[in-house]
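The values are calculated or read from the model by the stated rules, or taken from the named source; none is laboratory data. Quick caveat: nothing in here was measured; it's all calculated off a predicted structure. Neighbour counts run over all protein chains shown; Cβ positions are idealised from the backbone, glycine included. To get the accessible areas, we keep the full protein, side chains included, count just its heavy atoms, and leave off ligands, DNA and RNA. Shrake-Rupley method; radii C 1.70, N 1.55, O 1.52, S 1.80 Å.
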Amino acid sequence: MTQPRPLVAGNWKMNGLRASWKEAESLAEGMAAGKGANVDVMLCPPATLIAQFSSGLKDTDILVGGQDCHSELSGAHTGDIAAEMLADAGASAVIVGHSERRADHGEASDVVRSKAHAAHRAGLMAIICVGETEAERKRGDTLKVVSAQLSGSLPDDARADNTVIAYEPVWAIGTGLTPTLDDVGEVHRHIRSELRDKLDEEQASGIRILYGGSVKPGNAAELMAVTDVDGALVGGASLKADDFLGIISVYAEK
Ligand code: PEP
């Protein structure tokens, strides 16, 4: 069974102005110098920067993604952005169901699934986030919670070329805490096995499962070496090109 090509995606969240282009430019320079070998690299800046980044990065291997989308094509949804609008601005992917969206905007898995469908309708790759809270982990409910989120959020047309799963324990996001490597491995194996229950072998083994939660240059190598970890979704450490390149270059050194 061939391993999927890894993906390292940077989620800038609500950070970045037009002047932040210089970080994207430095990232492109580092990639051109060989640090991005053997890995797909993506930046997900705020929606206001997608058009600028997509056009500036069009001659590079760096992909651009959105951080959220609405499930509908258009209409009376003030402040929301349709998947088609992200695609029109040059994005090729969108994160859906990030725990900050699930918590801050009350997005349940059925909403996440409809957003993933919208992403596919627009020709975007959907990066679907799942992950347990600290209380759920302490109760021993991690696998149960991840299973329920995955079943509820995975669209019925999910395939290896249009869907990525990101396992992001909520308590590890932005905290500097990470699960043990055994715990990461257990959840990723579980997600793979759930995908095998739902999809045929080729699609289930080809869907990339990213780990996210306090990934830094110093811990990336050990996390990325865990079986069934096919890359990373990176928040804070993706804001500075040097740190992000430190994570991406784990794969160039393989
Ligand atoms: C994230 O928000 O997706 C994330 C993983 O954040 P951080 O890397 O900062 O923990």
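Using the Cβ of residue 185 as centre and a radius below 12 Å, the other residues enclosed give a net charge of -3, where K and R count +1 and D and E count -1.
Over segment 3-53, what number does the Rg to Rh ratio reach, with both radii from the alpha-carbon atoms and Rh per Kirkwood? Looking at segment 3-53, the ratio lands at 1.00. Averaging the Cα positions of each part gives two centres, and for segment 159-181 and segment 126-140 these lie 9 Å apart. Taking all protein chains as they are arranged and a probe of 1.4 Å, the heavy atoms of residue 113 leave approximately 80 Å² accessible to solvent. Looking at segment 46-91, the pairs of alpha carbons with a distance over 17 Å make up 32% of the total. Annotation: average projected area of segment 139-215 is 5.3 square nanometres, based on the convex hull of Cα atoms across all directions.
Estimated from helices alone, the mean residue ellipticity of the chain at 222 nm is -11500 deg cm²/dmol (sum of -39500 (n - 2.57) over DSSP H runs with n ≥ 4, per residue). The length gained by stretching the chain between residue 88 and residue 21 to full extension, at 0.36 nm per residue less their Cα-Cα distance, is 22.2 nm.
Normalised by residue count, segment 98-187 yields a Cα convex hull volume of 105 Å³ per residue.
Annotation: amide H of residue 12 within the under-5 Å range of 44, sequence separation 5 or more or interchain, hydrogens built in the peptide plane. Only protein atoms count toward the accessible area here, which uses a 1.4 Å probe; on segment 19-78, the carbon and sulfur part of that area reaches 51 percent. Could you work out how far the C-alpha centroid of segment 90-117 sits from that of segment 220-254, in angstrom? Using only Cα atoms to place each centre, the spacing works out to 23 Å. Residue by residue, segment 91-102 carries 3J(HN,Hα) couplings of 6, 10, 7, 8, 7, 10, x, 4, 4, 6, 6, 4 Hz when phi is fed to the Karplus relation 6.51 cos²θ - 1.76 cosθ + 1.60 (θ = phi - 60°); x denotes Gly or Pro. For the chain, the tally of Lys pairs with Cα-Cα distances below 15 Å comes to 5, considering only residues 8 or more apart or on different chains. Just so you know, the Rg over Rh for segment 1-159 is 0.99, from Cα atoms, with Rh as the Kirkwood radius. Backbone amide hydrogens, once placed in the peptide plane, bring residue 95 within less than 5 Å of 66, 67, 68, 127, excluding anything fewer than 5 places away on its chain. Positive contributions from Lys and Arg (+1) and negative ones from Asp and Glu (-1), summed over other residues with Cβ under 14 Å from the Cβ of residue 112, come out at -3.
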